[in-house]
Amino acid sequence: MISVANHFLYFIFEKINKMSNVNAYAAQAADSPLGPHQITRRELRPNDVHIEILYCGVCHSDLHTARNEWANTTYPVVPGHEIVGRVMAVGSDVKKFKEGDLAGIGCLVDSCRECENCKAGLEQFCLEGCTGTYNNPERDGSGMTYGGYSKEIVAREEFVMKIPGNLPLEAVAPLLCAGITTYSPLRHWKVGKGDKVGILGLGGLGHMGVKLAASMGAEVTMLSHSPSKKEDATKLGAHKFVLTSDEEQVKGVQHYFDFILDTVSAEHDYNFYLSMLKTDGVMVCVGVPPTPAQIPAMNLIFGRKSFAGSLIGGLPETQEMLDYCAEHNIVSDVEVIKISEINEAYERMLKGDVRYRFVIDMASL
Ligand code: NAP
Ligand code: ZN
Ligand code: ZN
(Lines give C-alpha, C1' and ligand atoms only; values in the text may rest on other atoms or scores of the structure.)
(Ligands and ions follow the chains in the order given, each with its own letter.)
Protein backbone atom coordinates (compact mmCIF):
# COMPACT_ATOMS: atom_id res chain seq x y z
CA MET A 1 0.00 0.00 0.00
CA ILE A 2 2.80 2.37 1.03
CA SER A 3 4.69 1.66 -2.12
CA VAL A 4 1.61 2.44 -4.26
CA ALA A 5 1.18 5.73 -2.39
CA ASN A 6 4.87 6.52 -2.82
CA HIS A 7 4.68 5.69 -6.48
CA PHE A 8 1.69 7.98 -6.85
CA LEU A 9 3.45 10.82 -5.01
CA TYR A 10 6.55 10.33 -7.13
CA PHE A 11 4.40 10.47 -10.26
CA ILE A 12 2.76 13.74 -9.11
CA PHE A 13 6.15 15.17 -8.11
CA GLU A 14 7.61 14.30 -11.51
CA LYS A 15 4.60 15.77 -13.26
CA ILE A 16 4.84 19.04 -11.34
CA ASN A 17 8.58 19.22 -11.65
CA LYS A 18 8.72 18.74 -15.38
CA MET A 19 9.55 21.74 -17.52
CA SER A 20 6.49 22.54 -19.56
CA ASN A 21 6.20 23.34 -23.22
CA VAL A 22 3.75 26.17 -23.56
CA ASN A 23 1.93 27.73 -26.50
CA ALA A 24 2.62 31.40 -26.96
CA TYR A 25 2.51 34.24 -29.48
CA ALA A 26 5.78 35.90 -30.43
CA ALA A 27 7.28 38.49 -32.74
CA GLN A 28 10.26 37.02 -34.60
CA ALA A 29 11.50 40.36 -35.96
CA ALA A 30 10.68 44.07 -35.75
CA ASP A 31 8.81 44.05 -39.03
CA SER A 32 7.00 40.72 -38.76
CA PRO A 33 3.55 40.24 -37.26
CA LEU A 34 3.14 38.21 -34.08
CA GLY A 35 2.33 34.54 -34.58
CA PRO A 36 2.19 31.17 -32.81
CA HIS A 37 5.38 30.10 -31.04
CA GLN A 38 6.39 27.49 -28.45
CA ILE A 39 8.26 28.36 -25.27
CA THR A 40 9.42 26.37 -22.27
CA ARG A 41 8.54 27.30 -18.72
CA ARG A 42 11.07 26.29 -16.09
CA GLU A 43 10.76 23.52 -13.54
CA LEU A 44 9.02 24.64 -10.42
CA ARG A 45 11.52 25.83 -7.80
CA PRO A 46 10.58 25.75 -4.09
CA ASN A 47 9.57 29.45 -4.15
CA ASP A 48 7.81 29.40 -7.53
CA VAL A 49 4.18 29.69 -8.51
CA HIS A 50 2.98 28.11 -11.77
CA ILE A 51 0.02 29.97 -13.24
CA GLU A 52 -2.42 29.18 -16.02
CA ILE A 53 -2.92 32.53 -17.76
CA LEU A 54 -6.57 33.43 -18.28
CA TYR A 55 -6.27 37.02 -19.51
CA CYS A 56 -3.44 39.29 -20.59
CA GLY A 57 -3.80 43.01 -21.27
CA VAL A 58 -2.17 44.65 -24.30
CA CYS A 59 0.08 47.55 -23.28
CA HIS A 60 1.62 50.03 -25.72
CA SER A 61 4.99 48.89 -24.32
CA ASP A 62 4.26 45.47 -25.89
CA LEU A 63 4.02 47.18 -29.27
CA HIS A 64 7.11 49.36 -28.73
CA THR A 65 9.03 46.18 -27.83
CA ALA A 66 7.64 43.87 -30.52
CA ARG A 67 8.68 46.47 -33.12
CA ASN A 68 12.01 47.24 -31.45
CA GLU A 69 11.12 50.92 -31.12
CA TRP A 70 13.33 51.21 -28.03
CA ALA A 71 16.17 49.40 -29.84
CA ASN A 72 16.49 46.80 -27.07
CA THR A 73 14.49 43.81 -28.26
CA THR A 74 15.84 40.26 -28.35
CA TYR A 75 13.86 38.05 -30.72
CA PRO A 76 11.76 36.03 -30.53
CA VAL A 77 9.89 38.17 -28.01
CA VAL A 78 6.68 37.13 -26.25
CA PRO A 79 5.12 40.35 -24.92
CA GLY A 80 2.48 40.73 -22.20
CA HIS A 81 2.80 42.02 -18.64
CA GLU A 82 -0.78 42.44 -17.51
CA ILE A 83 -1.37 38.86 -16.49
CA VAL A 84 -4.23 37.34 -14.54
CA GLY A 85 -4.69 33.62 -14.06
CA ARG A 86 -5.17 30.69 -11.75
CA VAL A 87 -2.50 28.86 -9.78
CA MET A 88 -1.81 25.38 -11.19
CA ALA A 89 0.91 24.38 -8.74
CA VAL A 90 3.17 25.87 -6.08
CA GLY A 91 6.69 25.07 -4.88
CA SER A 92 7.23 23.56 -1.45
CA ASP A 93 8.19 26.87 0.22
CA VAL A 94 5.33 28.95 -1.18
CA LYS A 95 3.17 30.46 1.57
CA LYS A 96 0.91 33.00 -0.13
CA PHE A 97 -0.73 30.78 -2.76
CA LYS A 98 -2.25 27.37 -3.23
CA GLU A 99 -3.54 25.53 -6.27
CA GLY A 100 -6.73 27.11 -7.61
CA ASP A 101 -6.07 30.64 -6.26
CA LEU A 102 -6.34 33.66 -8.51
CA ALA A 103 -2.98 35.28 -9.18
CA GLY A 104 -1.52 38.18 -11.14
CA ILE A 105 1.84 39.15 -12.60
CA GLY A 106 2.73 42.65 -13.75
CA CYS A 107 5.88 44.02 -15.33
CA LEU A 108 8.44 42.35 -13.05
CA VAL A 109 9.32 38.72 -12.37
CA ASP A 110 12.57 39.12 -10.43
CA SER A 111 15.10 41.48 -8.84
CA CYS A 112 18.14 41.10 -6.56
CA ARG A 113 15.95 41.37 -3.41
CA GLU A 114 18.95 42.71 -1.48
CA CYS A 115 19.79 46.24 -2.63
CA GLU A 116 18.40 49.27 -0.81
CA ASN A 117 15.69 49.81 -3.41
CA CYS A 118 14.52 46.19 -3.32
CA LYS A 119 14.49 46.32 0.48
CA ALA A 120 12.39 49.50 0.30
CA GLY A 121 9.82 47.78 -1.95
CA LEU A 122 11.01 49.66 -5.03
CA GLU A 123 11.97 46.57 -7.00
CA GLN A 124 11.44 48.42 -10.28
CA PHE A 125 14.55 50.45 -9.39
CA CYS A 126 16.66 47.45 -8.31
CA LEU A 127 20.26 48.65 -8.36
CA GLU A 128 21.33 45.48 -10.14
CA GLY A 129 18.54 45.98 -12.69
CA CYS A 130 15.12 44.43 -12.25
CA THR A 131 13.98 41.53 -14.42
CA GLY A 132 11.06 42.48 -16.65
CA THR A 133 8.34 39.95 -17.40
CA TYR A 134 9.48 39.78 -21.03
CA ASN A 135 12.53 40.63 -23.12
CA ASN A 136 14.89 40.48 -20.13
CA PRO A 137 17.64 37.99 -19.32
CA GLU A 138 16.75 35.54 -16.54
CA ARG A 139 18.97 36.11 -13.50
CA ASP A 140 20.31 32.53 -13.61
CA GLY A 141 21.50 32.96 -17.18
CA SER A 142 19.02 30.41 -18.51
CA GLY A 143 17.70 32.63 -21.31
CA MET A 144 15.22 35.42 -21.82
CA THR A 145 11.94 36.04 -20.00
CA TYR A 146 8.76 35.49 -21.96
CA GLY A 147 5.56 37.36 -21.17
CA GLY A 148 1.87 36.83 -20.90
CA TYR A 149 0.88 36.17 -24.51
CA SER A 150 1.14 32.52 -23.49
CA LYS A 151 -0.85 29.80 -21.73
CA GLU A 152 1.25 29.46 -18.59
CA ILE A 153 3.91 31.30 -16.63
CA VAL A 154 6.20 30.46 -13.72
CA ALA A 155 7.47 33.15 -11.35
CA ARG A 156 8.79 33.43 -7.84
CA GLU A 157 6.14 33.99 -5.20
CA GLU A 158 7.10 37.54 -4.20
CA PHE A 159 6.42 38.75 -7.75
CA VAL A 160 2.96 37.18 -7.89
CA MET A 161 0.07 39.36 -6.74
CA LYS A 162 -3.11 38.41 -4.94
CA ILE A 163 -6.09 39.15 -7.16
CA PRO A 164 -9.30 40.31 -5.49
CA GLY A 165 -12.17 37.93 -6.22
CA ASN A 166 -14.89 40.59 -6.45
CA LEU A 167 -13.86 42.15 -9.77
CA PRO A 168 -14.20 40.85 -13.37
CA LEU A 169 -10.88 39.20 -14.18
CA GLU A 170 -10.50 40.47 -17.72
CA ALA A 171 -10.91 44.04 -16.45
CA VAL A 172 -8.45 43.48 -13.60
CA ALA A 173 -5.59 42.39 -15.89
CA PRO A 174 -4.71 45.96 -17.06
CA LEU A 175 -4.36 47.09 -13.46
CA LEU A 176 -1.08 45.13 -13.34
CA CYS A 177 0.60 47.71 -15.59
CA ALA A 178 -1.74 50.56 -16.59
CA GLY A 179 -3.18 50.65 -13.07
CA ILE A 180 0.05 50.69 -11.09
CA THR A 181 1.85 53.00 -13.54
CA THR A 182 -0.75 55.70 -12.93
CA TYR A 183 -1.47 54.92 -9.25
CA SER A 184 2.18 55.14 -8.20
CA PRO A 185 2.94 58.73 -9.31
CA LEU A 186 -0.45 59.95 -8.08
CA ARG A 187 0.45 58.56 -4.64
CA HIS A 188 4.11 59.60 -4.70
CA TRP A 189 3.22 63.23 -5.46
CA LYS A 190 0.34 63.00 -2.96
CA VAL A 191 -2.40 63.98 -5.36
CA GLY A 192 -5.70 64.50 -3.58
CA LYS A 193 -8.60 66.80 -2.82
CA GLY A 194 -8.12 70.35 -4.06
CA ASP A 195 -5.48 69.43 -6.66
CA LYS A 196 -6.00 70.31 -10.28
CA VAL A 197 -4.76 67.34 -12.28
CA GLY A 198 -4.33 67.02 -16.03
CA ILE A 199 -4.19 63.54 -17.54
CA LEU A 200 -2.53 63.72 -20.94
CA GLY A 201 -3.56 61.05 -23.44
CA LEU A 202 -6.70 58.94 -23.15
CA GLY A 203 -5.51 55.41 -23.79
CA GLY A 204 -4.82 52.42 -21.56
CA LEU A 205 -2.79 54.34 -18.99
CA GLY A 206 -4.74 57.58 -19.38
CA HIS A 207 -8.14 56.09 -18.65
CA MET A 208 -6.81 54.48 -15.48
CA GLY A 209 -5.21 57.80 -14.55
CA VAL A 210 -8.56 59.57 -14.86
CA LYS A 211 -10.40 56.98 -12.78
CA LEU A 212 -7.74 56.86 -10.07
CA ALA A 213 -7.12 60.61 -9.79
CA ALA A 214 -10.88 61.25 -9.61
CA SER A 215 -11.26 58.58 -6.92
CA MET A 216 -8.56 60.36 -4.89
CA GLY A 217 -10.61 63.56 -4.90
CA ALA A 218 -8.69 65.62 -7.47
CA GLU A 219 -10.28 67.86 -10.07
CA VAL A 220 -9.39 65.98 -13.26
CA THR A 221 -9.00 67.47 -16.73
CA MET A 222 -8.54 65.20 -19.72
CA LEU A 223 -5.98 66.59 -22.17
CA SER A 224 -6.58 64.78 -25.46
CA HIS A 225 -5.94 65.22 -29.16
CA SER A 226 -9.05 63.15 -29.98
CA PRO A 227 -12.32 65.12 -30.00
CA SER A 228 -14.30 61.85 -30.12
CA LYS A 229 -13.15 60.94 -26.60
CA LYS A 230 -14.81 63.87 -24.81
CA GLU A 231 -17.95 62.06 -23.75
CA ASP A 232 -16.00 59.02 -22.57
CA ALA A 233 -13.67 61.20 -20.51
CA THR A 234 -16.67 62.50 -18.57
CA LYS A 235 -18.02 58.99 -18.07
CA LEU A 236 -14.62 57.87 -16.77
CA GLY A 237 -14.74 60.62 -14.15
CA ALA A 238 -13.01 63.63 -15.73
CA HIS A 239 -14.48 66.99 -14.69
CA LYS A 240 -13.18 68.84 -17.75
CA PHE A 241 -11.98 68.03 -21.25
CA VAL A 242 -9.43 70.05 -23.21
CA LEU A 243 -8.91 69.34 -26.89
CA THR A 244 -5.21 70.07 -27.26
CA SER A 245 -5.57 71.24 -30.87
CA ASP A 246 -8.10 73.93 -29.87
CA GLU A 247 -6.31 77.22 -29.08
CA GLU A 248 -9.12 78.71 -27.00
CA GLN A 249 -9.45 75.60 -24.84
CA VAL A 250 -5.68 75.47 -24.35
CA LYS A 251 -5.61 79.17 -23.36
CA GLY A 252 -8.10 78.34 -20.60
CA VAL A 253 -5.62 75.99 -18.88
CA GLN A 254 -2.44 78.13 -18.95
CA HIS A 255 -0.80 78.09 -15.48
CA TYR A 256 -3.67 75.91 -14.31
CA PHE A 257 -2.49 72.49 -13.15
CA ASP A 258 -0.74 71.36 -9.98
CA PHE A 259 0.08 68.06 -11.62
CA ILE A 260 0.10 66.65 -15.14
CA LEU A 261 0.46 62.94 -15.85
CA ASP A 262 1.78 62.48 -19.39
CA THR A 263 0.85 59.07 -20.85
CA VAL A 264 1.48 59.86 -24.53
CA SER A 265 3.23 57.10 -26.48
CA ALA A 266 4.28 59.15 -29.52
CA GLU A 267 6.55 62.15 -30.08
CA HIS A 268 5.04 65.38 -28.72
CA ASP A 269 6.15 68.80 -27.47
CA TYR A 270 6.56 68.65 -23.68
CA ASN A 271 6.95 72.44 -23.48
CA PHE A 272 3.42 72.91 -24.73
CA TYR A 273 2.14 71.11 -21.62
CA LEU A 274 4.68 72.58 -19.18
CA SER A 275 3.10 75.96 -19.88
CA MET A 276 -0.12 74.60 -18.35
CA LEU A 277 1.53 74.09 -14.94
CA LYS A 278 1.11 76.52 -12.06
CA THR A 279 4.14 77.75 -10.14
CA ASP A 280 5.67 74.71 -8.41
CA GLY A 281 3.63 72.41 -10.64
CA VAL A 282 4.87 68.94 -11.53
CA MET A 283 4.66 67.14 -14.85
CA VAL A 284 5.31 63.42 -14.60
CA CYS A 285 6.15 61.46 -17.66
CA VAL A 286 5.09 57.84 -17.86
CA GLY A 287 4.70 57.56 -21.63
CA VAL A 288 7.89 56.53 -23.38
CA PRO A 289 8.03 57.82 -26.97
CA PRO A 290 11.05 56.50 -28.84
CA THR A 291 12.33 60.06 -29.36
CA PRO A 292 14.01 62.06 -26.54
CA ALA A 293 12.37 65.01 -24.76
CA GLN A 294 13.70 68.48 -25.66
CA ILE A 295 13.09 70.93 -22.82
CA PRO A 296 14.84 74.31 -22.50
CA ALA A 297 15.82 74.93 -18.85
CA MET A 298 13.95 78.26 -19.00
CA ASN A 299 10.65 76.41 -19.22
CA LEU A 300 11.31 74.89 -15.81
CA ILE A 301 13.10 77.84 -14.18
CA PHE A 302 10.22 80.24 -14.72
CA GLY A 303 7.62 78.93 -12.32
CA ARG A 304 9.96 76.56 -10.43
CA LYS A 305 8.40 73.67 -12.31
CA SER A 306 9.39 70.01 -12.09
CA PHE A 307 9.59 67.53 -14.92
CA ALA A 308 9.81 63.99 -13.58
CA GLY A 309 9.40 60.37 -14.56
CA SER A 310 7.87 57.32 -12.96
CA LEU A 311 8.22 53.62 -13.67
CA ILE A 312 5.38 51.18 -12.89
CA GLY A 313 5.47 50.56 -9.10
CA GLY A 314 7.12 48.23 -6.60
CA LEU A 315 5.60 44.99 -5.35
CA PRO A 316 4.01 46.30 -2.11
CA GLU A 317 2.50 49.27 -3.93
CA THR A 318 1.16 47.04 -6.71
CA GLN A 319 -0.68 44.93 -4.13
CA GLU A 320 -1.87 48.13 -2.39
CA MET A 321 -3.23 49.39 -5.74
CA LEU A 322 -5.08 46.11 -6.40
CA ASP A 323 -6.64 46.24 -2.94
CA TYR A 324 -7.50 49.93 -3.41
CA CYS A 325 -9.21 49.14 -6.73
CA ALA A 326 -11.15 46.28 -5.14
CA GLU A 327 -12.33 48.59 -2.37
CA HIS A 328 -13.30 51.40 -4.74
CA ASN A 329 -14.64 49.11 -7.46
CA ILE A 330 -12.18 50.42 -10.05
CA VAL A 331 -11.29 48.31 -13.08
CA SER A 332 -10.20 48.93 -16.63
CA ASP A 333 -12.63 49.43 -19.53
CA VAL A 334 -11.68 46.59 -21.83
CA GLU A 335 -12.29 45.10 -25.24
CA VAL A 336 -11.64 41.36 -25.06
CA ILE A 337 -9.95 39.91 -28.14
CA LYS A 338 -8.72 36.54 -29.38
CA ILE A 339 -4.97 36.06 -29.61
CA SER A 340 -5.29 35.80 -33.41
CA GLU A 341 -6.54 39.42 -33.42
CA ILE A 342 -3.39 40.80 -31.77
CA ASN A 343 -1.81 42.29 -34.90
CA GLU A 344 -5.01 44.10 -35.80
CA ALA A 345 -5.26 45.27 -32.17
CA TYR A 346 -1.77 46.81 -32.43
CA GLU A 347 -2.83 48.76 -35.53
CA ARG A 348 -5.99 49.95 -33.80
CA MET A 349 -4.03 50.95 -30.68
CA LEU A 350 -1.76 53.09 -32.85
CA LYS A 351 -4.79 54.88 -34.25
CA GLY A 352 -6.20 55.44 -30.75
CA ASP A 353 -9.06 53.13 -31.65
CA VAL A 354 -9.40 51.27 -28.38
CA ARG A 355 -11.85 51.90 -25.55
CA TYR A 356 -9.57 51.67 -23.56
CA ARG A 357 -7.55 48.49 -23.22
CA PHE A 358 -7.40 45.35 -25.34
CA VAL A 359 -7.29 42.21 -23.25
CA ILE A 360 -6.51 38.82 -24.74
CA ASP A 361 -8.70 35.90 -23.69
CA MET A 362 -6.09 33.15 -23.40
CA ALA A 363 -8.71 30.46 -23.98
CA SER A 364 -8.27 31.50 -27.63
CA LEU A 365 -4.62 30.35 -27.73
P1 NAP B 1 -2.18 53.85 -25.59
O2 NAP B 1 -3.32 53.07 -25.04
O3 NAP B 1 -1.84 53.69 -27.02
O4 NAP B 1 -2.46 55.40 -25.25
C5 NAP B 1 -1.61 56.43 -25.66
C6 NAP B 1 -2.43 57.70 -25.85
O7 NAP B 1 -1.54 58.74 -26.20
C8 NAP B 1 -3.42 57.65 -26.98
O9 NAP B 1 -4.64 57.08 -26.64
C10 NAP B 1 -3.58 59.13 -27.33
O11 NAP B 1 -4.54 59.74 -26.48
C12 NAP B 1 -2.23 59.69 -26.99
N13 NAP B 1 -1.45 59.91 -28.23
C14 NAP B 1 -1.06 58.98 -29.13
N15 NAP B 1 -0.38 59.53 -30.13
C16 NAP B 1 -0.34 60.85 -29.87
C17 NAP B 1 0.25 61.96 -30.51
N18 NAP B 1 0.90 61.81 -31.66
N19 NAP B 1 0.11 63.17 -29.94
C20 NAP B 1 -0.57 63.32 -28.78
N21 NAP B 1 -1.15 62.29 -28.12
C22 NAP B 1 -1.02 61.08 -28.66
O23 NAP B 1 -0.84 53.51 -24.79
P24 NAP B 1 -0.64 53.06 -23.26
O25 NAP B 1 -0.64 51.57 -23.18
O26 NAP B 1 -1.54 53.84 -22.39
O27 NAP B 1 0.88 53.50 -23.03
C28 NAP B 1 1.26 54.86 -23.13
C29 NAP B 1 2.76 55.01 -23.02
O30 NAP B 1 3.17 54.68 -21.69
C31 NAP B 1 3.58 54.10 -23.93
O32 NAP B 1 4.69 54.82 -24.42
C33 NAP B 1 4.04 52.98 -23.00
O34 NAP B 1 5.21 52.34 -23.45
C35 NAP B 1 4.27 53.77 -21.74
N36 NAP B 1 4.26 52.98 -20.50
C37 NAP B 1 5.09 53.39 -19.51
C38 NAP B 1 5.09 52.75 -18.28
C39 NAP B 1 5.96 53.24 -17.17
O40 NAP B 1 6.17 52.52 -16.20
N41 NAP B 1 6.44 54.46 -17.24
C42 NAP B 1 4.25 51.65 -18.09
C43 NAP B 1 3.40 51.28 -19.11
C44 NAP B 1 3.40 51.95 -20.32
P45 NAP B 1 -5.58 60.86 -27.03
O46 NAP B 1 -6.25 60.22 -28.19
O47 NAP B 1 -6.47 61.10 -25.88
O48 NAP B 1 -4.78 62.05 -27.39
ZN1 ZN C 1 2.82 48.09 -19.69
ZN1 ZN D 1 17.76 45.05 -6.00
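The values are calculated or read from the model by the stated rules, or taken from the named source; none is laboratory data. On a predicted model such as this, the values are computed, not experimentally measured, just so you know. Cβ atoms come from the backbone with ideal geometry, glycine included; neighbour counts cover every protein chain shown. Ligands, DNA and RNA are stripped out before the accessible areas are found, and what is left, the full protein with its side chains, is counted by its heavy atoms. Shrake-Rupley method; radii C 1.70, N 1.55, O 1.52, S 1.80 Å.
Here are a few things to note about the model shown:
- Count of region 281-328 residues, restricted to those that are among the β-branched types (Val, Ile, Thr) and under 20 Å from the mean Cα position of the chain (by Cα), is 5.
- Residue within region 122-131 that is within 16 Å of ligand 3 (Cβ to nearest atom), buried (at least 24 other Cβ atoms within 10 Å of the Cβ) and hydroxyl-bearing (Ser, Thr, Tyr) present: no
- Residue list for region 199-222, filter: of a type in the set (A, V, I, L, M), open to solvent by less than 20 Å² (accessible area, probe 1.4 Å) and within 20 Å of the chain's Cα centre (by Cα): Ile199, Leu200, Leu202, Met208, Val210, Leu212, Ala213
- Region 69-86 residues that are at positive phi, paired with ones that are surrounded by 15 or more Cβ atoms within 10 Å (Cβ to Cβ) and among the hydrophobic types (A, V, I, L, M, F, W, C) (beta carbon under 6 Å, 6 or more apart): Gly80/Cys56
- Any chance His225 is under 18 Å from the mean Cα position of the chain (by Cα) and farther than 26 Å from Lys338 by Cα: no
- Selection of region 251-268 for residues being touching a residue at least 12 places away in the same chain (Cβ under 8 Å) and over 22 Å from the mean Cα position of the chain (by Cα) yields Val253, Gln254, His255, Tyr256, Phe257, Asp258.
- Among residues of region 297-353, those that are among the hydrophobic types (A, V, I, L, M, F, W, C), in contact with a Cys (Cβ under 7 Å, 6 or more places away or on another chain) and within 16 Å of ligand 2 (Cβ to nearest atom), counted: 1
- Residue within region 57-77 that is hydrophobic (A, V, I, L, M, F, W, C), closer than 20 Å to Thr181 by Cα and open to solvent by 30 Å² or more (accessible area, probe 1.4 Å) present: yes
- When Gly141 is tested against (1) open to solvent by 50 Å² or more (accessible area, probe 1.4 Å); (2) over 30 Å from Leu34 (Cα atoms), exactly one condition is not met: (2).
- Screening Ala326 on (1) surrounded by 15 or more Cβ atoms within 10 Å (Cβ to Cβ); (2) among the hydrophobic types (A, V, I, L, M, F, W, C); (3) closer than 22 Å to Gly80 by Cα shows it passes everything except condition (3).
- Listed by first and then second residue, the pairs with beta-carbon distance under 6 Å, at least 6 apart or on different chains, first residue in region 53-64 and touching a residue at least 24 places away in the same chain (Cβ under 8 Å) and closer than 14 Å to Gly106 by Cα, second within 13 Å of ligand 1 (Cβ to nearest atom) and assigned to a strand (DSSP E or B), are Tyr55/Val359; Gly57/Arg357; Gly57/Val359; Val58/Phe358.
- Of the residues making up region 259-285, just one is near ligand 1 (Cβ under 10 Å from one of its atoms) and over 22 Å from Ser245 (Cβ atoms), namely Val284.
- Taken together, Thr279, Thr291, Thr318 contain a single residue that is of a type outside the set (A, V, I, L, M, F, W, C) and part of a strand (DSSP E or B), which is Thr279.
- Candidates are the residues of region 119-152 that are closer than 26 Å to Ser340 by Cα, touching a Ser or Thr at 6+ places or on another chain (Cβ under 8 Å) and in contact (Cβ under 8 Å) with a residue 60 or more places away in the chain; the one that is farthest from ligand 1 (Cβ to nearest atom) is Glu152.
- Residues in region 294-312 that are aliphatic (A, V, I, L, M) and out of contact with any strand residue (DSSP E or B) (no Cβ under 7 Å at 6 or more places or on another chain) were compared, and the one that is surrounded by the most Cβ atoms within 10 Å (Cβ to Cβ) is Ile312.
A quick yes/no check of all residues on (1) within 16 Å of ligand 2 (Cβ to nearest atom); (2) touching a Pro at 6+ places or on another chain (Cβ under 6 Å); (3) under 19 Å from His60 (Cβ atoms); (4) of a type in the set (Ser, Thr, Tyr):
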{"site": "Leu102", "(1), (2), (3), (4)": "no, no, no, no"}
{"site": "Asn117", "(1), (2), (3), (4)": "no, no, no, no"}
{"site": "Gln124", "(1), (2), (3), (4)": "yes, no, yes, no"}
{"site": "Gly148", "(1), (2), (3), (4)": "yes, no, yes, no"}
{"site": "Pro164", "(1), (2), (3), (4)": "no, no, no, no"}
{"site": "Ser184", "(1), (2), (3), (4)": "yes, no, yes, yes"}
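- Criterion violated by Pro164 - all others in (1) of a type outside the set (D, E, K, R); (2) open to solvent by less than 10 Å² (accessible area, probe 1.4 Å); (3) more than 15 Å from ligand 1 (Cβ to nearest atom) satisfied: (2)
- Test: residue in region 86-102 that is within 16 Å of ligand 1 (Cβ to nearest atom) and open to solvent by less than 30 Å² (accessible area, probe 1.4 Å): no
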